[in-house]
Structure formats: C-alpha cells, structure tokens
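Here is the structure we will look at.
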Amino acid sequence: MDADTYRLLTPKEAGEFIGLSPDTIKITMKTGNLKHKKIGTHYRTTKRWLEEWIDYVEPMPKSYHDNKAKKEPLTQADVLTFARSFK
C-alpha cells in the first residue's frame, strides 16, 4: 500500500473521497462508526479506514439507494438513522 493510504485526512478531504459532506463524516466519527484520530479538537481519518467503513456498512439502507438513483447526496438524518441501526 502506498503512503497516501495512511495519510490523515480532514473531514472535508474524506467527504470528497467518498462523496459525503464533511458534517456527515464528522457525525460518523463522533458516533464511533468510523475509525479516526482526534488531535486536539480536530478529527482525522485515513483512506484505509474509510474503505473499511464502506465495506462494513454495505449494503446501504434503501434511502441511500433511492438518493443515489436521484443523484442526491445523503442527508445527515439518513446517516444518523443508519449509524444508530448498529448500536
């Protein structure tokens, strides 16, 4: 694996990588569903952790597939509902 796989990403960079908003990435980190490091008040993750999370949450809820077909981004409510389903 290349060094870029382990580089710490901001929520904005992580969101751009997988197509979610930075706020959604932060919520997913804060709920403990996405591996991350907290450096002071800043949250960071890696591409590897994002890929592991994507593999873990598949298949996504029906609302995700409906939104994807319409080419609309997931809402924070969609992500929170899905994240809570694992608790």
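The values are calculated or read from the model by the stated rules, or taken from the named source; none is laboratory data. Just so we're clear, the structure is a prediction, and the values are computed from it rather than from any experiment. Ideal geometry is used to build each Cβ from the backbone, glycine not excepted, and the neighbour counts take in all protein chains shown.
Assorted remarks:
- Test: residue in the range 50-61 that is at pLDDT 90 or above, out of contact with any Pro (no Cβ under 6 Å at 6 or more places or on another chain) and either on the phi < 0 side of the Ramachandran plot or among the charged types (D, E, K, R) (or both): yes
- Applying the criterion of being surrounded by 14 or more Cβ atoms within 10 Å (Cβ to Cβ) and either among the aromatic types (Phe, Trp, Tyr) or in contact with a helix residue (DSSP H, G or I) (Cβ under 6 Å, 6 or more places away or on another chain) (or both) to the residues of the range 5-17, the residue that is farthest from Gln76 (Cα to Cα) is Phe17.
- Within the range 1-12, considering residues that are among the charged types (D, E, K, R) and more than 11 Å from the chain's Cα centre (by Cα), the one nearest to Ala83 (Cα to Cα): Arg7
- Selection over the range 1-32 of residues that are in a loop (DSSP other than H, G, I, E, B) and at pLDDT below 85 gives a count of 2.
- Qualifying residues in the range 18-53 (those that are among the β-branched types (Val, Ile, Thr) and over 20 Å from Leu80 (Cα atoms)) - the one surrounded by the most Cβ atoms within 10 Å (Cβ to Cβ): Thr46
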